[in-house]
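Colleague: Structure incoming, see below.
The values are calculated or read from the model by the stated rules, or taken from the named source; none is laboratory data. Bear in mind that the values here come from a model prediction, so they are computed numbers and not experimental data. Using ideal geometry, Cβ is built from the backbone for each residue, glycine included, and neighbour counts are taken over all protein chains shown. Protein only, heavy atoms only, side chains kept; ligands, DNA and RNA dropped before computing areas. Shrake-Rupley method; radii C 1.70, N 1.55, O 1.52, S 1.80 Å.
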Protein chains: 2
Amino acid sequence: MNIAFVGLGIMGGPMAANLVRAGHTVVGYDVSDERLDALVGAGGKAAESVAEAVAQADTAITMLPDSPQVEEVVFGPDGLLEHGRRGLLHIDMSTVRPETARRVAQAAAVKGIRALDAPVSGGERGAVDGTLSVMVGGDPGDFEDARPVLVVLGTTIVHVGPAGAGQTVKAANQLVVGGIYGLVAEAIVLLEASGVDPEAGLDVLAGGLAGSRVLDLKRHSMIRRRFAPGFRIDLHHKDMGIVIAAAREAGVALPLTGVVAQLIAAARAQGYGSLDHSALLKVVERINR
Amino acid sequence: MNIAFVGLGIMGGPMAANLVRAGHTVVGYDVSDERLDALVGAGGKAAESVAEAVAQADTAITMLPDSPQVEEVVFGPDGLLEHGRRGLLHIDMSTVRPETARRVAQAAAVKGIRALDAPVSGGERGAVDGTLSVMVGGDPGDFEDARPVLVVLGTTIVHVGPAGAGQTVKAANQLVVGGIYGLVAEAIVLLEASGVDPEAGLDVLAGGLAGSRVLDLKRHSMIRRRFAPGFRIDLHHKDMGIVIAAAREAGVALPLTGVVAQLIAAARAQGYGSLDHSALLKVVERINR
């Protein structure tokens, strides 16, 4: 298949390389020449603009930092709606607001372009290994057409609803992940302040109803205060902005989510933005000293 | 071994029966004659007072609703400290404040009685099946002496620190469990208010970093609004009182825990005390209608 791939960063770079390896023709675009060179080194082609990348494509994948970049790449004069062919399948794998995803889908439909929102979880490791989880919103038929491409990138590929639904599920995922980090951080602070060995304590929690993937993967590094990313606080902070926006759009109040968002904002304000999101522990500690 | 068992309720009843089945002599006491009859039916003996139950015991287990009952059974004129033999091993498996556990241990030591705090998780099912998790605080030698009894009652038996440490770990467990219920409830409300199928959405979450035992066991029943207990809101509310007290004793502020405690208090205030703690979902819904 002819695939345009826009955004070749930490996530997009290895994802595009995996598509090349699977036999697809991949024409990439990124603002960074270095990243474009890396794609060419992996067997892909480099375009000099979004317009050039999408001109011959059947499928266009975008993997961009945030809503403004997606809007520019989709709606801009050099963009995908202006230069993509009728019938083009656009898969936005960035994490953006559900409302952005719905606007993209509506505008695309006017141009005869089919749009899916398909944010991922699984991080850099999942992007490199092709083991991402992909939550897809959009037309079920378009989802089926996208599946052969998506299975190259991930192992869990789920259609969760209409346009925007993928982003809503990603938002729900991020609120739960951020919240569990906060709860585990508070548990560690309580145990240590009470003179209890946190390793022994969290081992018990991990084996019972308090158990979670976060406890399984991160309790040892959290107790040792090792916060190399992983998934950076800066990114989780951006994602909590999307969660809060999604809740406002849906018209719901989410009290725990509000506190989680503020704690992650505090982590960033305190200068921990480039640490792993498990560094939420440092915020809970700092409240207490 | 000669075991006194005080408190033969939903948890204590089946635990005492399991000890009888394992070959121990169990002399039980409870304020309810009905519960005493059940123990006798299971092959145990009924005492007419705490004093009579503990008089000949090597080991005394208490499994009581809350701190006041433990204090009465331990410190009262008919109680364990007054009537237990020197060298008696007292294992309090109730969930109470860490500070209560420390006071019990100190007073016991004066009388030559050895005290462990050993709260459990795993609920009625775990009590019946002998698959509880037991978190034990106290002297390591006393813990080793208690182990042959505890292995009859549970499958995960962990010594987590000195007197009170078992209760602190139980408190940490309850704050994490309550918090995860709250987060999952908010995720469900966000998904449904956004028009996304919560089953599909939570399936994705369960398979990734947002995954937890709560999602594994309870997401289907929560989405269907099935809240038969399980573990009742009333009990989790009592436990959050212990968590908040433990945090105060340790001198730490835990912001998420504070909100979780208030949401569970709201559940009780709204009349959901006898429902399963997953009914926290009803509180998050009620905020939004």
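Colleague: Working only within the range A:105-118, note down all residues that are in a helix (DSSP H, G or I) and of a type in the set (Val, Ile, Thr).
Modeller: Within the range A:105-118, A:VAL110 is the sole residue that qualifies.
Colleague: Regarding A:ARG213, is this residue within 7 Å of another protein chain (Cβ to nearest Cβ) and open to solvent by 10 Å² or more (accessible area, probe 1.4 Å)?
Modeller: Numbers: within 7 Å of another protein chain (Cβ to nearest Cβ): yes; open to solvent by 10 Å² or more (accessible area, probe 1.4 Å): yes.
Yes.
Colleague: If you scan the range B:141-181, which residues turn out to be in a loop (DSSP other than H, G, I, E, B) and either touching a Lys or Arg at 6+ places or on another chain (Cβ under 7 Å) or under 24 Å from B:GLY126 (Cβ atoms) (or both)? Walk me through how you get there before you give the answer.
Modeller: Of the range B:141-181, the ones in a loop (DSSP other than H, G, I, E, B) are B:162-164.
Answer for the range B:141-181, where residues must be in a loop (DSSP other than H, G, I, E, B) and either touching a Lys or Arg at 6+ places or on another chain (Cβ under 7 Å) or under 24 Å from B:GLY126 (Cβ atoms) (or both): B:ALA163, B:GLY164.
Colleague: So which residues in the range B:167-183 are more than 7 Å from chain A (Cβ to nearest Cβ), under 24 Å from B:ILE223 (Cβ atoms) and not aromatic (Phe, Trp, Tyr), if there are any at all?
Modeller: Selection gives B:GLN174, B:GLY178.
Colleague: Follow-up. Residue check, A:SER121 against (1) surrounded by fewer than 20 Cβ atoms within 10 Å (Cβ to Cβ); (2) within 21 Å of B:PRO198 (Cβ to Cβ); (3) in contact with a strand residue (DSSP E or B) (Cβ under 6 Å, 6 or more places away or on another chain), all met but one. Which one?
Modeller: (1)
Colleague: Looking only at the range A:264-289, how many residues end up being assigned to a helix (DSSP H, G or I) and within 20 Å of the chain's Cα centre (by Cα)?
Modeller: Within the range A:264-289, residues that are assigned to a helix (DSSP H, G or I) and within 20 Å of the chain's Cα centre (by Cα) number 8.
Colleague: Something else about it: Return yes or no: is A:LEU19 of a type in the set (A, V, I, L, M, F, W, C) and without any contact (Cβ under 8 Å) to a residue 60 or more places away in the chain?
Modeller: Here the answer is no, as A:LEU19 does not meet what is asked.
Colleague: OK, next. Which of the residues belonging to the range A:219-238 are closer than 19 Å to A:ALA266 by Cβ and either of a type outside the set (Asp, Glu) or within 13 Å of another protein chain (Cβ to nearest Cβ) (or both)?
Modeller: Result: A:MET222, A:ARG225, A:PHE227, A:PRO229, A:GLY230, A:PHE231, A:ARG232, A:ILE233, A:LEU235, A:HIS236, A:HIS237, A:LYS238.
Colleague: Residues of the range B:119-131 being in contact (Cβ under 8 Å) with a residue 40 or more places away in the chain and not in a loop (DSSP other than H, G, I, E, B), which ones?
Modeller: Once the filter is applied, which keeps residues that are in contact (Cβ under 8 Å) with a residue 40 or more places away in the chain and not in a loop (DSSP other than H, G, I, E, B), the range B:119-131 yields B:VAL120, B:SER121, B:GLY123, B:GLU124, B:ALA127, B:VAL128.
Colleague: Restricting to the range A:128-158, count the residues that are within 14 Å of chain B (Cβ to nearest Cβ) and either buried (at least 16 other Cβ atoms within 10 Å of the Cβ) or within 30 Å of A:ARG86 (Cβ to Cβ) (or both).
Modeller: 14
Colleague: Those residues that are more than 11 Å from every other protein chain (Cβ to nearest Cβ) and either basic (Lys, Arg) or open to solvent by 60 Å² or more (accessible area, probe 1.4 Å) (or both), I need them from the range A:249-270; list them, please.
Modeller: A:ARG268, A:ALA269
Colleague: Please enumerate the residues belonging to the range A:93-103 that are away from chain B (no Cβ under 14 Å) and either farther than 15 Å from A:ASP66 by Cα or open to solvent by 10 Å² or more (accessible area, probe 1.4 Å) (or both).
Modeller: A:ARG103
Colleague: Residues to consider are B:LEU80, B:LEU88, B:LEU116; find the one that is open to solvent by less than 10 Å² (accessible area, probe 1.4 Å), at pLDDT 95 or above and within 15 Å of the chain's Cα centre (by Cα).
Modeller: On the way: B:LEU80 fails: within 15 Å of the chain's Cα centre (by Cα); B:LEU88 fails: within 15 Å of the chain's Cα centre (by Cα).
Going through B:LEU80, B:LEU88, B:LEU116 in turn, the sole match is B:LEU116.
Colleague: Show the residue pairs meeting these rules: Cβ distance below 7 Å; 6+ apart or different chains; first residue within the range A:252-273 and in the same structural domain as A:ILE180 (by TED's automatic domain parsing); second residue part of a loop (DSSP other than H, G, I, E, B).
Modeller: Hits for this filter: A:VAL252/B:ASN288; A:ALA253/B:ASN288.
Colleague: Take the range B:239-248 and flag every residue that is among the small types (Gly, Ala, Ser) and either outside any helix (DSSP H, G or I) or crowded, with 19+ Cβ neighbours inside 10 Å (or both).
Modeller: B:ALA246, B:ALA247
Colleague: Filter the range B:40-58 for residues that are hydrophobic (A, V, I, L, M, F, W, C), in contact with a helix residue (DSSP H, G or I) (Cβ under 8 Å, 6 or more places away or on another chain) and not in a helix (DSSP H, G or I); which is least open to solvent (accessible area, probe 1.4 Å)?
Modeller: Checked the range B:40-58; the qualifying residue least open to solvent (accessible area, probe 1.4 Å) is B:ALA47.
Colleague: Here is a further query. Name the residue, out of A:VAL184, A:VAL189, that is within 20 Å of B:ALA206 (Cβ to Cβ) and either part of a helix (DSSP H, G or I) or assigned by TED's automatic domain parsing to the domain that holds A:THR100 (or both). Talk me through it step by step, then tell me what you get.
Modeller: Numbers: A:VAL189 fails: within 20 Å of B:ALA206 (Cβ to Cβ).
Matching residue, one of A:VAL184, A:VAL189: A:VAL184.
Colleague: Same structure again: Which one of B:GLY12, B:GLY23, B:GLY44 is farther than 23 Å from B:GLY112 by Cα and within 21 Å of the chain's Cα centre (by Cα)?
Modeller: Going through B:GLY12, B:GLY23, B:GLY44 in turn, just one is farther than 23 Å from B:GLY112 by Cα and within 21 Å of the chain's Cα centre (by Cα): B:GLY12.
Colleague: Still on this model: Would you pick out the residues in the range A:64-85 that are of a type outside the set (D, E, K, R) and in a helix (DSSP H, G or I)?
Modeller: Within the range A:64-85, A:SER67, A:PRO68, A:GLN69, A:VAL70, A:VAL73, A:VAL74, A:PHE75, A:LEU80, A:LEU81, A:HIS83 qualify.
Colleague: Can you work out which of the residues in the range A:185-202 that are at the interface with chain B (Cβ under 7 Å from one of its Cβ atoms) and in contact (Cβ under 8 Å) with a residue 12 or more places away in the chain is farthest from B:ASN173 (Cα to Cα)?
Modeller: A:ALA193
Colleague: With in contact (Cβ under 8 Å) with a residue 60 or more places away in the chain and surrounded by fewer than 23 Cβ atoms within 10 Å (Cβ to Cβ) as the only criterion, which of B:ASP66, B:ASP37 stands out?
Modeller: B:ASP66
Colleague: Exactly one condition in (1) of a type in the set (A, V, I, L, M); (2) closer than 20 Å to A:VAL204 by Cβ; (3) modelled with pLDDT under 95 is not met by B:LEU209; state its number.
Modeller: (2)
Colleague: In the set A:ILE10, A:ILE61, which member is part of a strand (DSSP E or B) and out of contact with any Leu (no Cβ under 6 Å at 6 or more places or on another chain)? Lay out the reasoning, then the answer.
Modeller: On the way: A:ILE10 fails: part of a strand (DSSP E or B).
Checking each option against the conditions leaves just A:ILE61.
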